[in-house]
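Handing you this structure, nothing more for now.
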2 protein chains.
Amino acid sequence: VTGGAAEFTLELPGGRSTEIAVGPGLLAGAAPWPVAATVADRAVWELHGARLPQTWRRVVLPLAPGEGAKEWSVLGELLERLCAAGLERGDCLAAFGGGAALDVGGLAAALYLRGVAWIACPTTLLAMVDAAVGGKTAVNLPGAKNQVGAFHAPTRVLADTELLATLPEAELRSGLGEVLKTALIAGEELLARLERDAAALLRREAAALGPVILACLRTKAAVVAEDEREGGRRAILNLGHTFGHAIEAVAGPGTIPHGVAVAAGLGCALELAERTELLEERPLRARVARTAALLQLPASLDELRRTSGCLLPAPALRRALDRDKKRAGSRPRLVLPRRAGEIEFGLAVDEADLLAVLA
Amino acid sequence: VTGGAAEFTLELPGGRSTEIAVGPGLLAGAAPWPVAATVADRAVWELHGARLPQTWRRVVLPLAPGEGAKEWSVLGELLERLCAAGLERGDCLAAFGGGAALDVGGLAAALYLRGVAWIACPTTLLAMVDAAVGGKTAVNLPGAKNQVGAFHAPTRVLADTELLATLPEAELRSGLGEVLKTALIAGEELLARLERDAAALLRREAAALGPVILACLRTKAAVVAEDEREGGRRAILNLGHTFGHAIEAVAGPGTIPHGVAVAAGLGCALELAERTELLEERPLRARVARTAALLQLPASLDELRRTSGCLLPAPALRRALDRDKKRAGSRPRLVLPRRAGEIEFGLAVDEADLLAVLA
């Protein structure tokens, strides 16, 4: 995908599918797919709205930027506006923005008339490699992130890499945290590419970004195709997230970017895998730490404590783990690596090991 | 099901299924199925809450009676209360009440943590024969009924016929309207049973009610098993409803009970099928009219105008048809009978024929 675009299809049960495309300038060529209304992050719209086909811009429903859009009342207003705009069963919605805009736009599409089609147009690296594919949509309840939602796969994902030129530095690094997680799931090839291209990725070189985003999307799509509704194996996509979510919760919403918390969470998962002797590829922990450093990401909880200025006390993190939505009964269930490309899920670990990692 | 209970299983795609049971006193024996929280119509709860297993009554979330519960803000509060009660992925919700309580309770189950299991406990005849089975859940937007929702089949339906003893007379007849519609879809056997047992049904005799409810549930389940998400044939369940919804909309919300409007709508559908020469079983129209009379239901729009005192002007009804959610483009699509047990859907008809039926 150097210069050009690449695409592939994610096949889902029941004859559904998601067409996924990555490349520079894709949005300008999206006119062949009719869209009746576009839900857009207001801030991104001001920067890049003009890139969308003219026909997509007739009905635009702006959202508050970022996580503020993921509220029950905002979703209700959005649905009322779709109704006022006269959207019908056969119509298609577009969602344009970062993960929050895709989460709330996708959930509106899931609920409006019990489900209309939607096209995901991610505008951040994080949303391109994660939120756009897989059909998980959600809003938050007070104090409970993504507590309410639906599985509703988009019919199409358009990851236009030109949009990344204006992405704030912190958001680029946040996206790279999710990329690093995906590389651990994907295995050797993507991990080696990240090591080689880390500097080029930080410089946002198209020749580096395109293939990495495509590889992440292919990795996530392969997992989702096997287990769309997270009955089992899809849980491996949460590698680094049980710790990451606890870090985000303790630091306070919006304090530490999601992908940065996930990078530190990967460090925790690797340390725990080492302690519990699940990790068979012993050099992996140090290798991931070096790659994180190349990507200017924290490789451990301690490094995150130093660089973020957040205290992140172990007892608070431990309590936050107990509030994880994916717990089974009272014990947290963990996703840990055996080697690059080989991830285990649903693991219970000894309390002492858990506390040692958080300390 | 005279005296005893009958049950069967509705098999759905992806290995899902709904266990459906009908009979007197069923709820008292429901303890084997664990329920973490019960969403209940407040008025029905006061009358019949004590019939539920004690374990189901530990967390009770009351709803405003009837259609008032189907609001976006009510659904949001319900989800927050489920969160506060600590419901987890593996937990099961019960919904106890009429169609509105099942619609909003089922939608809460669909959305909470992207979907938890739920048990439908219908308490009205209408909800037993219609809302409880098929997985359509919904709330209303201002001026737009069921505009927002999800397909989320319950794992179990418990239709306890003892609850019908306290059902208000008007609600019993409303349920019988939906029963009459179902008989037209089911064919000769159920239609003959209705003619024979009409008086016993109005007297709420268990020996009459049980088999009729069971036959209605089997009929609906067979249609839903073929086409759960209404890609096509499930539309036949809307027989009488395109006209019925227009009647309800013009009369004003809550003025004419749903099943009564559907009964008059069946009259319209039969007249239109006759006019357009789709109807092959010519005596069917008069036969259904006689059965409606036996069930104390209106057999035509004119009869409904006389008995309800609502004007229901033809031009207003015609405009309401254009606002039907199931229209395709600008033309209403109709569901019309060819004969008892043989229903066609997605039909466009001449404007003149449509206007003649509404006049």
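In segment B:5-25, how many residues are within 18 Å of residue B:50 (Cβ to Cβ) and either open to solvent by 30 Å² or more (accessible area, probe 1.4 Å) or within 14 Å of another protein chain (Cβ to nearest Cβ) (or both)?
Residues in segment B:5-25 being within 18 Å of residue B:50 (Cβ to Cβ) and either open to solvent by 30 Å² or more (accessible area, probe 1.4 Å) or within 14 Å of another protein chain (Cβ to nearest Cβ) (or both): 1 in total.
Just to be sure I understand, how many residues within segment A:173-211 are on the phi > 0 side of the Ramachandran plot and open to solvent by less than 20 Å² (accessible area, probe 1.4 Å)? Lay out the reasoning, then the answer.
Kept after step one, since they are on the phi > 0 side of the Ramachandran plot, are these residues of segment A:173-211: A:187, A:204.
From what is left, the residues that are open to solvent by less than 20 Å² (accessible area, probe 1.4 Å) are A:187.
Summing the residues that are on the phi > 0 side of the Ramachandran plot and open to solvent by less than 20 Å² (accessible area, probe 1.4 Å) in segment A:173-211 gives 1.
May I ask you to say which residue of A:335, A:349 is at pLDDT 95 or above and open to solvent by less than 70 Å² (accessible area, probe 1.4 Å)?
Matching residue, one of A:335, A:349: A:335.
If residue B:85 passes every condition in (1) touching a helix residue (DSSP H, G or I) at 6+ places or on another chain (Cβ under 9 Å); (2) in contact (Cβ under 8 Å) with a residue 12 or more places away in the chain but one, which one does it miss?
Failed condition: (1).
Another question about this same structure. So, residue B:163, is that one in contact with a strand residue (DSSP E or B) (Cβ under 6 Å, 6 or more places away or on another chain), away from chain A (no Cβ under 14 Å), within 26 Å of residue B:92 (Cβ to Cβ) and not acidic (Asp, Glu) or not?
Against the criterion (in contact with a strand residue (DSSP E or B) (Cβ under 6 Å, 6 or more places away or on another chain), away from chain A (no Cβ under 14 Å), within 26 Å of residue B:92 (Cβ to Cβ) and not acidic (Asp, Glu)), residue B:163 does not qualify.
Determine if segment B:165-172 includes at least one residue that is of a type in the set (D, E, K, R), crowded, with 17+ Cβ neighbours inside 10 Å, modelled with pLDDT of 95 or more and outside any helix (DSSP H, G or I).
The answer is no, given that none of the residues of segment B:165-172 is of a type in the set (D, E, K, R), crowded, with 17+ Cβ neighbours inside 10 Å, modelled with pLDDT of 95 or more and outside any helix (DSSP H, G or I).
Per-residue answers, yes or no, for (1) aliphatic (A, V, I, L, M); (2) within 20 Å of the chain's Cα centre (by Cα); (3) open to solvent by 60 Å² or more (accessible area, probe 1.4 Å):
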{"position": "A:282", "(1), (2), (3)": "no, no, yes"}
{"position": "A:287", "(1), (2), (3)": "no, no, no"}
{"position": "A:292", "(1), (2), (3)": "yes, yes, no"}
{"position": "A:296", "(1), (2), (3)": "no, yes, yes"}
{"position": "A:299", "(1), (2), (3)": "yes, yes, no"}
{"position": "A:307", "(1), (2), (3)": "no, no, yes"}
{"position": "A:311", "(1), (2), (3)": "yes, no, yes"}
{"position": "A:315", "(1), (2), (3)": "no, no, yes"}
{"position": "A:323", "(1), (2), (3)": "no, no, yes"}
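Consider residue A:21 against the criteria (1) touching a residue at least 24 places away in the same chain (Cβ under 8 Å); (2) in contact with a helix residue (DSSP H, G or I) (Cβ under 7 Å, 6 or more places away or on another chain); (3) not charged (D, E, K, R): it satisfies all of them except one. Which criterion is unmet?
Condition (2) is where residue A:21 drops out.
Where the second residue is open to solvent by 70 Å² or more (accessible area, probe 1.4 Å) and in a helix (DSSP H, G or I) and the first is in contact (Cβ under 8 Å) with a residue 24 or more places away in the chain and lies in segment B:186-198, which pairs have Cβ atoms under 7 Å and are six or more apart or on separate chains?
From segment B:186-198, the pairs are B:195/B:294; B:198/B:294.
Being open to solvent by 30 Å² or more (accessible area, probe 1.4 Å), within 14 Å of chain B (Cβ to nearest Cβ) and not in a strand (DSSP E or B) is the filter here; which residues of segment A:124-154 pass it?
Residues satisfying the conditions are A:142, A:143, A:152.
Does segment B:247-258 include one or more residues that are in contact with a Cys (Cβ under 9 Å, 6 or more places away or on another chain) and open to solvent by 50 Å² or more (accessible area, probe 1.4 Å)?
Yes - at least one qualifying residue is present in segment B:247-258.
Considering every residue within segment A:180-195, establish whether at least one is over 27 Å from residue A:333 (Cα atoms), among the basic types (Lys, Arg) and modelled with pLDDT of 95 or more. Walk me through it before giving the result.
First, pick out the residues of segment A:180-195 that are over 27 Å from residue A:333 (Cα atoms): A:189, A:192-195.
Checking the rest, the ones that are also among the basic types (Lys, Arg) come to A:193.
Among the residues that remain, those that are also modelled with pLDDT of 95 or more are: A:193.
Among the residues of segment A:180-195, at least one is over 27 Å from residue A:333 (Cα atoms), among the basic types (Lys, Arg) and modelled with pLDDT of 95 or more, which makes the answer yes.
Would you confirm whether or not segment A:335-346 contains a residue that is of a type in the set (Asp, Glu) and in contact with a helix residue (DSSP H, G or I) (Cβ under 6 Å, 6 or more places away or on another chain)?
no
Quick one: in segment A:261-280, of everything that is within 23 Å of residue A:189 (Cβ to Cβ) and not in a helix (DSSP H, G or I), which residue is most open to solvent (accessible area, probe 1.4 Å)?
Among residues in segment A:261-280 that are within 23 Å of residue A:189 (Cβ to Cβ) and not in a helix (DSSP H, G or I), the one most open to solvent (accessible area, probe 1.4 Å) is A:280.
Right, another one. Would you be able to say whether some residue in segment B:241-260 is more than 19 Å from the chain's Cα centre (by Cα) and part of a helix (DSSP H, G or I)?
yes
Another question about this same structure. Got a sec? Which of A:133, A:60 is farther than 26 Å from residue B:80 by Cα, out of contact with any Gly (no Cβ under 6 Å at 6 or more places or on another chain) and free of Cβ contacts under 8 Å to residues at least 24 places away in the same chain?
A:60
Moving on to the next point. Are there any pairs with C-beta distances below 6 angstrom linking a residue in segment A:301-318 that is at pLDDT 95 or above to a residue that is open to solvent by 30 Å² or more (accessible area, probe 1.4 Å), with the two at least 6 apart or on different chains, and if so which?
Partner pairs satisfying both residue conditions: A:312/A:250; A:312/A:305; A:314/A:359; A:316/A:250; A:317/A:250.
The values are calculated or read from the model by the stated rules, or taken from the named source; none is laboratory data. Because the structure is predicted, anything quoted here is derived from the model rather than measured. With ideal geometry, Cβ positions are generated from the backbone for all residues, glycine too; neighbour counts draw on all protein chains shown. SASA here: full protein model, heavy atoms, side chains in, ligands and nucleic acids out. Shrake-Rupley method; radii C 1.70, N 1.55, O 1.52, S 1.80 Å.
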